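To keep things clear, I will list the structure first and then write my remarks on it.
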Amino acid sequence: MKKHNFSAGPSILPPEVLLKASQAIVDYNNSGLSIIEISHRSKDFVDVMENARALALELLGLEGKGYKALFLQGGASTQFLMVAMNLLEKRAGYLNTGAWSTKAIKEAKKLDDIYEVASSADANFNYIPKGFDVPSDYDYLHCTSNNTIFGTQLKQIPQVDIPLVCDMSSDIYSRNIDYSKFDLIYAGAQKNMGPAGTTLVIVKEDILGKVSRDIPSIMDYKLHIKSGSMLNTPPVFAVYTSMLTLEWLKAKGGVAAIEKENEKKASLMYSEIDLNPLFKGFAAKEDRSMMNATFNLTNDNLKETFETMLVEAGISGVNGHRSVGGYRASMYNALPLESVKALVEVMSELESKA
Ligand code: PMP
(Lines give C-alpha, C1' and ligand atoms only; values in the text may rest on other atoms or scores of the structure.)
Protein backbone atom coordinates (compact mmCIF):
# COMPACT_ATOMS: atom_id res chain seq x y z
CA MET A 1 0.00 0.00 0.00
CA LYS A 2 1.32 3.47 -0.91
CA LYS A 3 1.80 5.52 2.25
CA HIS A 4 0.70 9.07 2.98
CA ASN A 5 4.13 10.67 2.74
CA PHE A 6 4.59 13.78 4.90
CA SER A 7 8.40 13.61 4.85
CA ALA A 8 10.18 16.97 5.15
CA GLY A 9 12.75 16.07 2.53
CA PRO A 10 13.65 14.14 0.49
CA SER A 11 9.94 14.00 0.02
CA ILE A 12 6.98 12.92 -2.02
CA LEU A 13 7.11 13.15 -5.82
CA PRO A 14 4.17 12.72 -8.22
CA PRO A 15 3.56 9.02 -9.09
CA GLU A 16 3.66 9.85 -12.82
CA VAL A 17 7.13 11.31 -12.35
CA LEU A 18 8.37 8.26 -10.43
CA LEU A 19 7.07 5.97 -13.16
CA LYS A 20 8.65 7.92 -16.04
CA ALA A 21 11.91 8.33 -14.15
CA SER A 22 12.11 4.61 -13.42
CA GLN A 23 11.39 3.75 -17.07
CA ALA A 24 14.17 6.12 -18.16
CA ILE A 25 16.60 4.34 -15.83
CA VAL A 26 15.99 1.13 -17.79
CA ASP A 27 15.63 2.56 -21.31
CA TYR A 28 15.57 6.24 -22.14
CA ASN A 29 13.09 7.05 -24.94
CA ASN A 30 13.56 3.64 -26.57
CA SER A 31 17.20 4.45 -27.23
CA GLY A 32 18.44 1.14 -25.87
CA LEU A 33 20.38 3.08 -23.22
CA SER A 34 19.61 4.26 -19.71
CA ILE A 35 19.43 7.99 -18.90
CA ILE A 36 22.23 7.37 -16.39
CA GLU A 37 24.53 5.66 -18.86
CA ILE A 38 24.63 8.22 -21.66
CA SER A 39 27.09 11.10 -22.00
CA HIS A 40 26.01 14.37 -20.50
CA ARG A 41 27.29 15.90 -23.75
CA SER A 42 24.95 13.76 -25.89
CA LYS A 43 22.11 15.55 -27.65
CA ASP A 44 19.60 13.55 -25.58
CA PHE A 45 20.94 14.86 -22.29
CA VAL A 46 21.74 18.40 -23.48
CA ASP A 47 18.06 18.63 -24.50
CA VAL A 48 17.03 17.51 -21.00
CA MET A 49 19.26 20.11 -19.36
CA GLU A 50 18.08 22.92 -21.63
CA ASN A 51 14.43 21.98 -21.16
CA ALA A 52 14.86 21.82 -17.36
CA ARG A 53 16.60 25.22 -17.28
CA ALA A 54 13.93 26.83 -19.46
CA LEU A 55 11.04 25.34 -17.45
CA ALA A 56 12.66 26.42 -14.18
CA LEU A 57 12.47 30.05 -15.32
CA GLU A 58 9.17 29.84 -17.18
CA LEU A 59 7.23 28.47 -14.20
CA LEU A 60 8.39 31.39 -12.04
CA GLY A 61 7.59 33.94 -14.76
CA LEU A 62 11.26 34.83 -15.13
CA GLU A 63 12.02 34.04 -18.75
CA GLY A 64 13.38 36.93 -20.83
CA LYS A 65 14.12 39.00 -17.72
CA GLY A 66 17.89 38.63 -17.49
CA TYR A 67 17.92 35.48 -15.33
CA LYS A 68 19.80 32.22 -15.85
CA ALA A 69 18.92 28.86 -14.28
CA LEU A 70 21.62 26.42 -13.19
CA PHE A 71 21.42 22.88 -11.85
CA LEU A 72 24.38 22.51 -9.53
CA GLN A 73 25.61 20.05 -6.89
CA GLY A 74 26.53 20.23 -3.22
CA GLY A 75 23.02 20.94 -1.97
CA ALA A 76 21.59 24.21 -0.79
CA SER A 77 24.34 24.11 1.86
CA THR A 78 27.00 24.79 -0.79
CA GLN A 79 25.03 27.86 -1.83
CA PHE A 80 25.48 29.31 1.67
CA LEU A 81 29.15 29.78 0.75
CA MET A 82 28.81 30.20 -3.01
CA VAL A 83 26.42 33.17 -2.67
CA ALA A 84 28.95 34.95 -0.46
CA MET A 85 31.89 34.09 -2.73
CA ASN A 86 30.11 35.60 -5.73
CA LEU A 87 28.40 38.59 -4.13
CA LEU A 88 30.03 39.55 -0.84
CA GLU A 89 32.56 42.36 -1.16
CA LYS A 90 32.24 44.39 2.05
CA ARG A 91 29.15 43.61 4.07
CA ALA A 92 25.87 41.77 3.63
CA GLY A 93 22.62 41.64 5.58
CA TYR A 94 21.05 38.36 6.71
CA LEU A 95 17.57 37.78 8.07
CA ASN A 96 17.89 34.99 10.61
CA THR A 97 14.68 32.96 10.68
CA GLY A 98 15.88 29.48 11.50
CA ALA A 99 18.54 26.79 11.53
CA TRP A 100 19.22 27.07 7.80
CA SER A 101 19.55 30.87 7.88
CA THR A 102 21.92 30.46 10.83
CA LYS A 103 24.05 28.08 8.77
CA ALA A 104 24.02 30.46 5.79
CA ILE A 105 25.29 33.23 8.10
CA LYS A 106 28.01 31.00 9.53
CA GLU A 107 29.39 30.19 6.07
CA ALA A 108 29.24 33.76 4.74
CA LYS A 109 31.05 35.00 7.86
CA LYS A 110 34.07 32.95 6.80
CA LEU A 111 34.54 35.39 3.93
CA ASP A 112 33.55 38.81 5.17
CA ASP A 113 31.39 40.95 7.35
CA ILE A 114 27.79 39.93 8.00
CA TYR A 115 25.09 41.84 9.78
CA GLU A 116 22.00 40.10 11.11
CA VAL A 117 19.27 42.56 10.19
CA ALA A 118 16.83 40.73 12.45
CA SER A 119 16.47 37.37 14.17
CA SER A 120 13.73 35.29 15.78
CA ALA A 121 16.22 33.11 17.67
CA ASP A 122 14.83 34.61 20.92
CA ALA A 123 11.65 32.52 20.49
CA ASN A 124 13.15 29.36 18.97
CA PHE A 125 12.31 30.80 15.53
CA ASN A 126 8.55 30.46 15.90
CA TYR A 127 7.88 33.76 14.08
CA ILE A 128 9.24 35.94 11.25
CA PRO A 129 10.77 39.26 12.36
CA LYS A 130 9.17 42.29 10.72
CA GLY A 131 9.94 45.99 10.33
CA PHE A 132 13.73 45.74 10.13
CA ASP A 133 16.02 48.16 8.30
CA VAL A 134 18.59 47.19 5.70
CA PRO A 135 21.33 49.72 4.92
CA SER A 136 21.32 50.59 1.23
CA ASP A 137 25.09 50.20 0.87
CA TYR A 138 25.10 46.48 1.70
CA ASP A 139 26.10 44.03 -1.03
CA TYR A 140 22.87 42.05 -0.67
CA LEU A 141 20.16 40.88 1.71
CA HIS A 142 19.79 37.13 2.27
CA CYS A 143 16.53 35.61 3.47
CA THR A 144 14.96 32.16 3.74
CA SER A 145 11.44 32.06 2.32
CA ASN A 146 10.30 28.98 4.22
CA ASN A 147 11.74 27.61 7.42
CA THR A 148 11.38 23.88 6.98
CA ILE A 149 12.18 22.96 10.58
CA PHE A 150 10.10 25.56 12.40
CA GLY A 151 7.15 25.81 10.00
CA THR A 152 7.25 29.54 9.33
CA GLN A 153 7.11 31.30 5.96
CA LEU A 154 7.91 34.78 4.74
CA LYS A 155 4.60 36.31 3.62
CA GLN A 156 6.02 39.73 2.70
CA ILE A 157 8.97 39.90 0.34
CA PRO A 158 11.50 42.33 1.89
CA GLN A 159 11.51 45.64 -0.02
CA VAL A 160 15.14 46.57 -0.60
CA ASP A 161 17.18 48.51 -3.15
CA ILE A 162 20.07 46.05 -3.01
CA PRO A 163 20.22 42.54 -4.51
CA LEU A 164 17.81 40.19 -2.77
CA VAL A 165 19.00 36.59 -2.30
CA CYS A 166 16.64 33.88 -1.12
CA ASP A 167 16.95 30.27 0.00
CA MET A 168 13.67 28.82 -1.33
CA SER A 169 14.59 25.19 -0.74
CA SER A 170 11.29 24.26 0.86
CA ASP A 171 8.70 26.37 -0.92
CA ILE A 172 9.89 27.04 -4.46
CA TYR A 173 7.12 26.50 -7.05
CA SER A 174 4.49 26.34 -4.30
CA ARG A 175 3.03 29.86 -4.35
CA ASN A 176 2.33 32.62 -6.78
CA ILE A 177 4.55 35.52 -5.74
CA ASP A 178 6.51 38.04 -7.75
CA TYR A 179 9.74 36.12 -8.22
CA SER A 180 11.29 39.02 -10.14
CA LYS A 181 11.71 40.81 -6.79
CA PHE A 182 14.60 38.39 -6.17
CA ASP A 183 18.02 38.60 -7.78
CA LEU A 184 19.24 35.18 -6.75
CA ILE A 185 17.12 32.21 -5.72
CA TYR A 186 18.47 28.81 -4.72
CA ALA A 187 16.75 25.61 -3.72
CA GLY A 188 17.76 22.02 -3.11
CA ALA A 189 15.63 19.90 -5.45
CA GLN A 190 14.53 17.37 -2.86
CA LYS A 191 11.28 18.99 -1.69
CA ASN A 192 9.16 20.45 -4.49
CA MET A 193 11.24 19.52 -7.50
CA GLY A 194 12.96 16.17 -7.59
CA PRO A 195 15.35 13.78 -5.90
CA ALA A 196 18.28 14.97 -3.79
CA GLY A 197 21.46 15.55 -5.78
CA THR A 198 20.89 18.82 -7.56
CA THR A 199 20.32 22.41 -6.46
CA LEU A 200 18.54 24.90 -8.61
CA VAL A 201 20.15 28.34 -8.74
CA ILE A 202 18.40 31.18 -10.54
CA VAL A 203 20.48 34.28 -10.84
CA LYS A 204 20.06 37.66 -12.48
CA GLU A 205 23.20 37.97 -14.55
CA ASP A 206 23.76 41.67 -13.94
CA ILE A 207 24.50 41.18 -10.22
CA LEU A 208 27.55 39.03 -11.02
CA GLY A 209 31.16 40.03 -11.65
CA LYS A 210 31.27 42.75 -8.99
CA VAL A 211 33.54 41.20 -6.36
CA SER A 212 37.30 41.50 -6.35
CA ARG A 213 38.13 38.00 -5.09
CA ASP A 214 39.45 35.30 -7.39
CA ILE A 215 36.52 32.87 -7.22
CA PRO A 216 37.48 29.18 -7.52
CA SER A 217 36.08 27.95 -10.86
CA ILE A 218 33.61 25.43 -9.47
CA MET A 219 32.15 28.13 -7.19
CA ASP A 220 31.83 30.76 -9.91
CA TYR A 221 28.27 31.32 -11.18
CA LYS A 222 29.56 33.10 -14.30
CA LEU A 223 31.55 30.04 -15.37
CA HIS A 224 28.57 27.75 -14.73
CA ILE A 225 26.40 30.04 -16.88
CA LYS A 226 29.00 30.13 -19.64
CA SER A 227 29.17 26.34 -19.76
CA GLY A 228 25.39 25.89 -19.90
CA SER A 229 25.31 24.38 -16.38
CA MET A 230 27.80 21.73 -17.50
CA LEU A 231 31.06 23.00 -16.03
CA ASN A 232 31.51 19.52 -14.64
CA THR A 233 29.42 16.37 -15.13
CA PRO A 234 25.94 17.36 -13.93
CA PRO A 235 23.84 15.03 -11.73
CA VAL A 236 22.02 13.65 -14.75
CA PHE A 237 19.31 11.63 -13.02
CA ALA A 238 18.41 14.39 -10.55
CA VAL A 239 18.21 16.94 -13.38
CA TYR A 240 16.10 14.62 -15.53
CA THR A 241 13.67 13.86 -12.71
CA SER A 242 13.45 17.56 -11.80
CA MET A 243 12.58 18.28 -15.42
CA LEU A 244 9.78 15.69 -15.24
CA THR A 245 8.39 17.30 -12.07
CA LEU A 246 8.50 20.75 -13.67
CA GLU A 247 6.66 19.35 -16.72
CA TRP A 248 4.09 17.80 -14.35
CA LEU A 249 3.61 21.17 -12.66
CA LYS A 250 3.24 22.97 -15.98
CA ALA A 251 0.59 20.47 -17.11
CA LYS A 252 -1.33 21.10 -13.88
CA GLY A 253 -1.51 24.82 -14.64
CA GLY A 254 1.73 25.95 -13.03
CA VAL A 255 2.41 27.72 -9.77
CA ALA A 256 -0.94 29.59 -9.64
CA ALA A 257 -2.85 26.30 -9.86
CA ILE A 258 -0.73 24.42 -7.33
CA GLU A 259 -0.98 27.36 -4.92
CA LYS A 260 -4.77 26.84 -4.76
CA GLU A 261 -4.27 23.15 -3.90
CA ASN A 262 -1.61 24.02 -1.33
CA GLU A 263 -3.93 26.57 0.29
CA LYS A 264 -6.67 23.94 0.62
CA LYS A 265 -4.30 21.43 2.22
CA ALA A 266 -2.83 23.97 4.64
CA SER A 267 -6.20 25.36 5.63
CA LEU A 268 -7.56 21.87 6.39
CA MET A 269 -4.46 21.04 8.43
CA TYR A 270 -4.37 24.25 10.46
CA SER A 271 -8.10 24.26 11.19
CA GLU A 272 -7.72 20.82 12.77
CA ILE A 273 -4.69 22.03 14.79
CA ASP A 274 -6.66 25.05 15.99
CA LEU A 275 -10.01 23.39 16.66
CA ASN A 276 -8.81 20.15 18.24
CA PRO A 277 -7.95 20.77 21.93
CA LEU A 278 -5.44 17.89 21.89
CA PHE A 279 -3.10 19.83 19.55
CA LYS A 280 -1.30 23.13 19.61
CA GLY A 281 0.48 24.79 16.68
CA PHE A 282 4.13 25.83 17.10
CA ALA A 283 4.48 28.77 14.68
CA ALA A 284 2.90 32.22 15.10
CA LYS A 285 -0.41 32.13 13.20
CA GLU A 286 0.35 34.98 10.79
CA ASP A 287 3.67 33.37 9.79
CA ARG A 288 2.50 29.80 9.36
CA SER A 289 4.04 27.87 6.50
CA MET A 290 1.83 26.45 3.78
CA MET A 291 4.44 23.69 3.32
CA ASN A 292 5.41 22.52 6.83
CA ALA A 293 2.85 22.54 9.65
CA THR A 294 4.50 22.13 13.07
CA PHE A 295 2.41 21.10 16.08
CA ASN A 296 2.49 19.36 19.42
CA LEU A 297 0.16 17.25 21.52
CA THR A 298 -1.24 19.16 24.49
CA ASN A 299 -1.19 15.93 26.52
CA ASP A 300 2.00 13.89 26.22
CA ASN A 301 0.28 10.80 27.61
CA LEU A 302 -1.47 10.42 24.25
CA LYS A 303 1.80 10.17 22.31
CA GLU A 304 1.90 6.39 22.02
CA THR A 305 -1.78 6.06 21.09
CA PHE A 306 -1.49 8.83 18.48
CA GLU A 307 1.63 7.39 16.93
CA THR A 308 0.14 3.89 16.75
CA MET A 309 -2.92 5.33 15.03
CA LEU A 310 -0.70 7.16 12.53
CA VAL A 311 1.11 3.94 11.61
CA GLU A 312 -2.18 2.07 11.25
CA ALA A 313 -3.49 4.78 8.89
CA GLY A 314 -0.37 4.47 6.69
CA ILE A 315 0.85 7.95 7.63
CA SER A 316 4.60 8.38 7.34
CA GLY A 317 7.14 11.11 8.06
CA VAL A 318 5.28 13.35 10.54
CA ASN A 319 7.83 13.31 13.33
CA GLY A 320 9.02 16.81 14.18
CA HIS A 321 12.63 17.92 13.90
CA ARG A 322 14.62 17.40 17.11
CA SER A 323 14.97 21.16 17.68
CA VAL A 324 11.20 21.67 17.82
CA GLY A 325 9.88 18.26 18.89
CA GLY A 326 6.28 17.21 18.38
CA TYR A 327 5.08 16.74 14.81
CA ARG A 328 5.60 18.25 11.41
CA ALA A 329 3.33 17.62 8.46
CA SER A 330 5.15 18.57 5.27
CA MET A 331 2.63 19.25 2.52
CA TYR A 332 4.73 19.75 -0.59
CA ASN A 333 3.27 20.16 -4.09
CA ALA A 334 2.99 16.43 -4.80
CA LEU A 335 1.13 15.57 -1.58
CA PRO A 336 -2.54 14.93 -2.41
CA LEU A 337 -5.34 16.53 -0.38
CA GLU A 338 -6.47 12.97 0.49
CA SER A 339 -3.29 12.52 2.55
CA VAL A 340 -4.06 15.62 4.62
CA LYS A 341 -7.63 14.35 5.04
CA ALA A 342 -6.25 11.03 6.33
CA LEU A 343 -4.03 12.80 8.89
CA VAL A 344 -6.79 15.12 10.04
CA GLU A 345 -9.10 12.11 10.43
CA VAL A 346 -6.62 10.43 12.76
CA MET A 347 -6.30 13.63 14.79
CA SER A 348 -10.07 13.98 15.21
CA GLU A 349 -10.43 10.28 15.96
CA LEU A 350 -7.90 10.74 18.78
CA GLU A 351 -10.07 13.51 20.15
CA SER A 352 -13.16 11.32 20.15
CA LYS A 353 -11.23 8.52 21.91
CA ALA A 354 -9.61 10.73 24.58
N1 PMP B 1 17.71 25.43 3.32
C2 PMP B 1 16.51 24.95 3.70
C3 PMP B 1 15.36 25.90 3.86
C4 PMP B 1 16.35 23.59 3.92
O5 PMP B 1 15.17 23.08 4.30
C6 PMP B 1 17.47 22.73 3.78
C7 PMP B 1 17.34 21.24 4.06
N8 PMP B 1 16.81 20.54 3.09
C9 PMP B 1 18.70 23.28 3.38
C10 PMP B 1 18.77 24.62 3.16
C11 PMP B 1 19.91 22.42 3.20
O12 PMP B 1 19.78 21.73 2.01
P13 PMP B 1 20.83 20.63 1.52
O14 PMP B 1 20.65 19.47 2.42
O15 PMP B 1 20.41 20.41 0.10
O16 PMP B 1 22.19 21.22 1.62
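The values are calculated or read from the model by the stated rules, or taken from the named source; none is laboratory data. Quick caveat, the model's predicted, so the values are computed rather than measured. So basically every Cβ, Gly included, is an ideal-geometry build from the backbone, and we count neighbours across all protein chains shown.
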Next on the checklist: Among the listed residues Ser145, Ser170, Ser174, identify the single one that is among the hydroxyl-bearing types (Ser, Thr, Tyr), touching a Cys at 6+ places or on another chain (Cβ under 6 Å) and either within 12 Å of the ligand (Cβ to nearest atom) or touching a residue at least 12 places away in the same chain (Cβ under 8 Å) (or both).
Outcome noted: Ser145
Checklist entry - Do the conditions hold for Leu57, that is, is it of a type outside the set (Ser, Thr, Tyr), within 16 Å of the ligand (Cβ to nearest atom), within 24 Å of Ala256 (Cα to Cα) and surrounded by 15 or more Cβ atoms within 10 Å (Cβ to Cβ)? => result no
Next on the checklist: So Ala21 passes all but one of these: (1) surrounded by 15 or more Cβ atoms within 10 Å (Cβ to Cβ); (2) over 26 Å from Leu231 (Cα atoms); (3) assigned by TED's automatic domain parsing to the domain that holds Tyr221. Which condition number does it fail?
Outcome noted: (2)
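Answer yes or no: is there a residue in the range 251-259 that is within 16 Å of Ser339 (Cβ to Cβ) and not aliphatic (A, V, I, L, M).
Taking every residue of the range 251-259 in turn, none turns out to be within 16 Å of Ser339 (Cβ to Cβ) and not aliphatic (A, V, I, L, M).
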Item to check | Filtered residues of the range 60-80 (kept if surrounded by fewer than 18 Cβ atoms within 10 Å (Cβ to Cβ) and touching a residue at least 24 places away in the same chain (Cβ under 8 Å)) | outcome: Gly61, Lys65, Gly66, Gln73, Gly74, Gly75, Ser77
Item to check | Qualifying position, being under 18 Å from the mean Cα position of the chain (by Cα) and in contact (Cβ under 8 Å) with a residue 12 or more places away in the chain, among Leu231, Leu244, Leu268 | outcome: Leu244
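Which one is surrounded by the fewest Cβ atoms within 10 Å (Cβ to Cβ) among residues in the range 313-338 that are more than 20 Å from Phe150 (Cα to Cα) and under 20 Å from the mean Cα position of the chain (by Cα)?
In this case the residue turns out to be Leu337.
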Checklist entry - Across the range 8-44, what is the total count of residues that are in a loop (DSSP other than H, G, I, E, B) and closer than 30 Å to Ile315 by Cβ? => result 7
